[in-house]
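Structure record follows, encoded as structure tokens.
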Amino acid sequence: MKLDPEELNPVITRLRRAQGQIGGVIAMIEDGRECRDIVTQLAAIGKAVDRAGFTLVSTGVRSCLASGGEDCEEDLAGLEKLFLSLA
């Protein structure tokens with residue numbers, strides 16, 4: 001299933017933010033920052049990436065239901081598998 005890139009702008013924004021956070025974590029490690037601070041940032045990155053995945057699946061489900069095309073059942077089954085892979 002292909003999705004409209006315009007609908008995915010929030011996903012792109014979230015992933016770009018996570019990308020910046022990864023750079024920050026690398027700098028924290030190189031600077032010898034506290035383990036607790038680094039792990040806190042890694043947890044935030046993980047949550048941001050998870051949310052991006054869930055938003056992507058949710059957008060796919062909404063798109064499928066709105067279009068009601070012939071392949072919708074197959075697409076929904078695939079999206080369910082993707083959702084479960086994120087859980």
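The values are calculated or read from the model by the stated rules, or taken from the named source; none is laboratory data. Note that this is a predicted model, so its numbers are computed, not measured. Glycine gets a Cβ as well: all are built from the backbone with ideal geometry, and neighbour counts include every protein chain shown. Accessible surface is based on the protein model in full, side chains and every heavy atom, while ligands, DNA and RNA are left aside. Shrake-Rupley method; radii C 1.70, N 1.55, O 1.52, S 1.80 Å.
Normalised by the residues of the chain, what does the relative contact order come to in percent, with Cα pairs under 8 Å and at least six apart? Intermediate values should be presented prior to the final figure.
Numbers: 45 pairs, mean separation 31.4, N = 87.
Reported relative contact order: 36 percent.
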Check: Considering only Gly32, Thr59, Phe83, whose Cα is most displaced toward the positive end of the charge dipole of the chain, charges sitting on Cβ of Lys, Arg (+1) and Asp, Glu (-1)?
Finding: Gly32
Checklist line | Rounded to whole Hz, the Karplus (6.51, -1.76, 1.60) HN-Hα couplings of region 45-50, x for glycine and proline | finding: 5, x, 5, 5, 5, 4
Item checked: Estimated inter-spin distance, Asp4 and Glu30, nm [label 7 Å along Cα→Cβ] -> 4.1
Margin query: Students often get this wrong, so try it: which of (i) 0.94; (ii) 1.45; (iii) 1.40 is Cα Rg over 2.2 N^0.38 Å as calculated from the structure shown?
Written below: (iii)
Check: Residue by residue through region 57-62, which ³J(HN,Hα) values in whole Hz follow from phi under the Karplus form 6.51 cos²θ - 1.76 cosθ + 1.60 (θ = phi - 60°), with glycine and proline marked x?
Finding: 5, 4, 5, x, 5, 4
Notebook entry, point to check: Across region 10-24, in residue order, what do the Karplus-derived ³J(HN,Hα) couplings come to in whole Hz, using 6.51 cos²θ - 1.76 cosθ + 1.60 with θ = phi - 60° and x for Gly and Pro?
Noted result: x, 5, 4, 4, 5, 5, 5, 5, 5, 4, x, 5, 4, x, x
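How many percent of the accessible area of the chain is carbon or sulfur, using a 1.4 Å probe?
Numbers: 3530 of 6370 Å².
The computed percentage sits at 56.
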Next item on the list: Kindly express, to the nearest 10 degrees and within the range 0 to 90, the angle between helix 72-86's C-alpha long axis and the longest C-alpha principal axis of the chain.
Entry: 20
